[in-house]
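Asks: Before anything else, here's the structure in question.
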Amino acid sequence: MTALPYAAAALLMGYLLGSIPFGLLVTRLAGAGDVRQIGSGNIGATNVLRTGRKGLAALTLLLDALKGTAVVVVAGAWGSEFALAAGLGAFLGHLFPIWLGFRGGKGVATYLGVLLGLSLPGALVFAVTWLATALATRYSSLSALVATIIAPVALFLFADIRVAVLFSFLSLLVFIKHRANIARLLEGSEARIGAKG
């Protein structure tokens, strides 16, 4: 019971950092406008890429991932259970940021960042799966969905069971956030990587 306040603090710390909408910030600072007004309206790197600014998309991807890794590393100094709580908080913060009326991104980069902080082999499995699927199909959404299926399976095989359970839950949230993408994939109207808004 004494650890509960610390776990709550780790969760809150993760949420606050995770809720920073880097995609929106970097596009506005670069004079590219409001990324929510183009493409899918999402604040993530894939939609930032639709501005035609590859550098901004790469920076968004990096920052959205690093915020997940950073909170896990910091909270991990207290203990592994706090790292898990902080990682969950960062992911939820990205999906439901208080600053944007709880309408955030779809969580893929932050998912990878948290995974990197908790399991390097798991992050490598995710990255390789995403890249292979993207190269084969050029669908970012499909790549994310496939990677978030494979990663938890791999984690159950070689990682701490708590990490595997956490990412099974995060994968479920990724699928929920990708409902519209799944519908477009099924009807053949999903935009491919690099398509402009």
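Asks: If you scan segment 97-116, which residues turn out to be touching a helix residue (DSSP H, G or I) at 6+ places or on another chain (Cβ under 7 Å) and either crowded, with 24+ Cβ neighbours inside 10 Å or closer than 15 Å to Phe22 by Cβ (or both)?
Replies: Let us first name the residues in segment 97-116 that are touching a helix residue (DSSP H, G or I) at 6+ places or on another chain (Cβ under 7 Å), namely 104-116.
Answer for segment 97-116, where residues must be touching a helix residue (DSSP H, G or I) at 6+ places or on another chain (Cβ under 7 Å) and either crowded, with 24+ Cβ neighbours inside 10 Å or closer than 15 Å to Phe22 by Cβ (or both): Gly104, Gly105, Lys106, Gly107, Val108, Ala109, Thr110, Tyr111, Leu112, Gly113, Val114, Leu115.
Asks: Here's another thing I want to ask about it. List the pairs whose first member sits in segment 163-192 and is closer than 21 Å to Ala134 by Cβ, whose second member is of a type in the set (Ser, Thr, Tyr) and in a helix (DSSP H, G or I), and whose Cβ atoms are under 6 Å apart, counting only residues at least 6 apart or on separate chains?
Replies: Once the first residue is closer than 21 Å to Ala134 by Cβ and sits in segment 163-192, its partners that are of a type in the set (Ser, Thr, Tyr) and in a helix (DSSP H, G or I) give Leu170/Tyr111; Ser171/Thr148; Val174/Thr148; His178/Ser141; Asn181/Ser141.
Asks: How many residues, within segment 73-108, are over 19 Å from Pro5 (Cβ atoms) and over 16 Å from the mean Cα position of the chain (by Cα)?
Replies: Residues meeting the conditions: 5.
Asks: Looking only at segment 1-34, count every residue that is surrounded by fewer than 19 Cβ atoms within 10 Å (Cβ to Cβ), within 13 Å of Thr60 (Cα to Cα) and in contact (Cβ under 8 Å) with a residue 60 or more places away in the chain and tell me the total.
Replies: 1
Asks: Output the number of residues of segment 26-47 satisfying the condition of being under 20 Å from Gly101 (Cα atoms) and assigned to a helix (DSSP H, G or I).
Replies: Within segment 26-47, the first condition is being under 20 Å from Gly101 (Cα atoms), and the residues that meet it are 26-28, 33-45, 47.
Remaining after also requiring assigned to a helix (DSSP H, G or I): 26-28, 35-37, 45, 47.
Residues that pass the stated criteria total 8.
Asks: Within the bounds of segment 3-25, is there any residue that is among the hydroxyl-bearing types (Ser, Thr, Tyr), in a helix (DSSP H, G or I) and touching a Lys or Arg at 6+ places or on another chain (Cβ under 8 Å)? Can you show your working first?
Replies: Our first condition is that a residue be among the hydroxyl-bearing types (Ser, Thr, Tyr); within segment 3-25, this holds for 6, 15, 19.
Now drop any that are not in a helix (DSSP H, G or I), which leaves 6, 15.
Narrowing further to those that are touching a Lys or Arg at 6+ places or on another chain (Cβ under 8 Å): none.
Taking every residue of segment 3-25 in turn, none turns out to be among the hydroxyl-bearing types (Ser, Thr, Tyr), in a helix (DSSP H, G or I) and touching a Lys or Arg at 6+ places or on another chain (Cβ under 8 Å).
Asks: Output the number of the condition that Val174 fails; it satisfies all remaining conditions of (1) under 19 Å from the mean Cα position of the chain (by Cα); (2) β-branched (Val, Ile, Thr); (3) farther than 19 Å from Gly89 by Cβ.
Replies: All conditions are met except number (3).
Asks: I'd like the residue in segment 11-52 that is among the polar types (S, T, N, Q) and at pLDDT 90 or above and, out of all such residues, is farthest from the chain's Cα centre (by Cα). Walk me through it before giving the result.
Replies: Quick first cut of segment 11-52, residues among the polar types (S, T, N, Q) only: 19, 27, 37, 40, 42, 46-47, 51.
Filter once more, keeping what is at pLDDT 90 or above: 19, 27.
Details: Ser19: 11, Thr27: 18 Å.
Only one residue tops the list, namely Thr27.
Asks: May I ask you to verify whether Val163 is assigned to a helix (DSSP H, G or I), of a type in the set (Val, Ile, Thr) and farther than 23 Å from Ser189 by Cα?
Replies: Details: assigned to a helix (DSSP H, G or I): yes; of a type in the set (Val, Ile, Thr): yes; farther than 23 Å from Ser189 by Cα: yes.
In short, yes.
Asks: Can I ask one more? If you scan segment 144-193, which residues turn out to be closer than 19 Å to Gly113 by Cβ, aromatic (Phe, Trp, Tyr) and touching a helix residue (DSSP H, G or I) at 6+ places or on another chain (Cβ under 6 Å)?
Replies: Phe167 - this is the single residue of segment 144-193 that is closer than 19 Å to Gly113 by Cβ, aromatic (Phe, Trp, Tyr) and touching a helix residue (DSSP H, G or I) at 6+ places or on another chain (Cβ under 6 Å).
Asks: Among the residues of segment 17-34, is there at least one that is within 17 Å of Leu166 (Cβ to Cβ) and in contact with a Gly (Cβ under 6 Å, 6 or more places away or on another chain)?
Replies: Quick first cut of segment 17-34, residues within 17 Å of Leu166 (Cβ to Cβ) only: 18.
Those still in the list that are in contact with a Gly (Cβ under 6 Å, 6 or more places away or on another chain) too: 18.
The answer is yes, given that some residue of segment 17-34 is within 17 Å of Leu166 (Cβ to Cβ) and in contact with a Gly (Cβ under 6 Å, 6 or more places away or on another chain).
Asks: Also, quick follow-up: Name the residue that is farthest from Ala136 (Cα to Cα), counting only residues in segment 169-197 that are modelled with pLDDT under 90 and in contact with a Gly (Cβ under 9 Å, 6 or more places away or on another chain). Please lay out each step first, then the result.
Replies: Taking segment 169-197 as the starting set, the residues that turn out to be modelled with pLDDT under 90 are 191-197.
When the remaining residues are screened for being in contact with a Gly (Cβ under 9 Å, 6 or more places away or on another chain), the result is 191, 195-197.
Working: Ala191: 15, Ala195: 16, Lys196: 20, Gly197: 22 Å.
Residue satisfying both the conditions and the ranking: Gly197.
The values are calculated or read from the model by the stated rules, or taken from the named source; none is laboratory data. None of these values were measured; they are calculated from a predicted model. Cβ sites come from the backbone with ideal geometry, for glycine too, and all protein chains shown count toward neighbours.
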